[in-house]
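Step one of this worksheet: look at the structure below.
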Amino acid sequence: MRYDLVIFDNDGVLVDSEPISNRLLAEYLTELGHPTSYEESIRDYMGSAMHRIHELILERTGETLPGDFDDVFHQRVFAGFERELEPVPGAVPVLEKLVADEVPYCVASSGSHERIRVGHRKTGLDRWFGAGLVFSSQDVGRGKPAPDLFLHAAERMGVVPERCAVVEDSPLGVRAGLAAGMDVYGFTAMTPSEKLAGARGYFSDMGELLDLLS
């Protein structure tokens, strides 16, 4: 293993949540008078923290979203998770191999701590991620594409950025990892490689990741 720390994005990389959350986000924004398709939600919001949704709607329409927008959206997403959420195929074997090889890892997500916990509990991934291995954009204030979250995770894990590998599936996440001075590996299950420009390598199946990291 060429890295001292592997930092995983969560949504779309560890848990197959992006189709669920972006479908619900598009429906909710449309319901509020901001017509949004599923494809537009993926394009504009995949991998971003909640503040980006508020900022883009304000920038485009001059209107603010309701004060309870985040709470209502998360309630809908968590209910969707309970019905549908599964781990990304192949994620568990990757974690098993990292543990067996004693390679440190963590998760750094734009999602809230509650969202991460709900998803991990539903999929059984909570056994792999204790409290000290979970980092959220809530911890730093600025979400991706700012590098703050990845730099925070590396600092807390005691590893310098240049010894870190980031596993991402969104353009915003790739930009954040590169801005942090880390090698980034792009997961192309939902996002084509050309939209993940700058990654050191690309893979469409989790089974391919360990070879890239070695």
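The values are calculated or read from the model by the stated rules, or taken from the named source; none is laboratory data. The shown structure was predicted, so the numbers you read here are calculated from the model rather than taken from an experiment. With ideal geometry, Cβ positions are generated from the backbone for all residues, glycine too; neighbour counts draw on all protein chains shown.
Could you tell me whether segment 37-48 includes any residue that is hydroxyl-bearing (Ser, Thr, Tyr), under 18 Å from Ser109 (Cβ atoms) and assigned to a loop (DSSP other than H, G, I, E, B)? Looking through segment 37-48, at least one residue is hydroxyl-bearing (Ser, Thr, Tyr), under 18 Å from Ser109 (Cβ atoms) and assigned to a loop (DSSP other than H, G, I, E, B).
The numbered conditions (1) at pLDDT below 95; (2) under 28 Å from Asp101 (Cα atoms); (3) of a type in the set (A, V, I, L, M, F, W, C) are all true for Leu209 except (1). Taking segment 125-150 as the range and being within 25 Å of Val99 (Cα to Cα), under 13 Å from the mean Cα position of the chain (by Cα) and not hydroxyl-bearing (Ser, Thr, Tyr) as the test, the residues that pass are Val134, Phe135, Leu149, Phe150. Note on segment 64-81: among residues that are touching a His at 6+ places or on another chain (Cβ under 8 Å) and not in a helix (DSSP H, G or I), the one that is surrounded by the fewest Cβ atoms within 10 Å (Cβ to Cβ) is Thr64.
The condition of being of a type in the set (A, V, I, L, M), without any contact (Cβ under 8 Å) to a residue 40 or more places away in the chain and in contact with a His (Cβ under 9 Å, 6 or more places away or on another chain) holds for Val134. Reported count of residues in segment 6-16, each being within 14 Å of Leu95 (Cβ to Cβ) and outside any loop (DSSP other than H, G, I, E, B), is 4. Within segment 71-96, residues that are over 13 Å from Ser17 (Cβ atoms) have Cβ atoms under 6 Å from residues that are among the aliphatic types (A, V, I, L, M) and part of a helix (DSSP H, G or I) in these pairs: Gly90/Met206; Val94/Met206; Val94/Leu209, counting only partners at least 6 apart in sequence or on another chain. Here the strands (runs of 3 or more DSSP E) wholly within segment 128-214 that include at least 1 residues being surrounded by fewer than 17 Cβ atoms within 10 Å (Cβ to Cβ) are 201-203.
The set of residues in segment 137-146 being over 9 Å from Ala49 (Cβ atoms), touching a Leu at 6+ places or on another chain (Cβ under 8 Å) and not hydrophobic (A, V, I, L, M, F, W, C) consists of Asp139, Pro145.
Within segment 82-123, the set of residues being assigned to a loop (DSSP other than H, G, I, E, B) and hydrophobic (A, V, I, L, M, F, W, C) comprises Leu85, Val88, Val103.
Scanning segment 42-59 turns up no residue that is of a type in the set (Gly, Ala, Ser) and without any contact (Cβ under 8 Å) to a residue 60 or more places away in the chain.
Yes or no, residue by residue, for (1) assigned by TED's automatic domain parsing to the domain that holds Phe135; (2) crowded, with 19+ Cβ neighbours inside 10 Å; (3) touching a helix residue (DSSP H, G or I) at 6+ places or on another chain (Cβ under 6 Å):
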site: Gly12; (1), (2), (3): yes, yes, yes
site: Asn22; (1), (2), (3): no, yes, yes
site: Ala26; (1), (2), (3): no, yes, yes
site: Glu31; (1), (2), (3): no, no, no
site: Ser41; (1), (2), (3): no, yes, yes
site: Glu59; (1), (2), (3): no, no, no
site: Gly62; (1), (2), (3): no, no, no
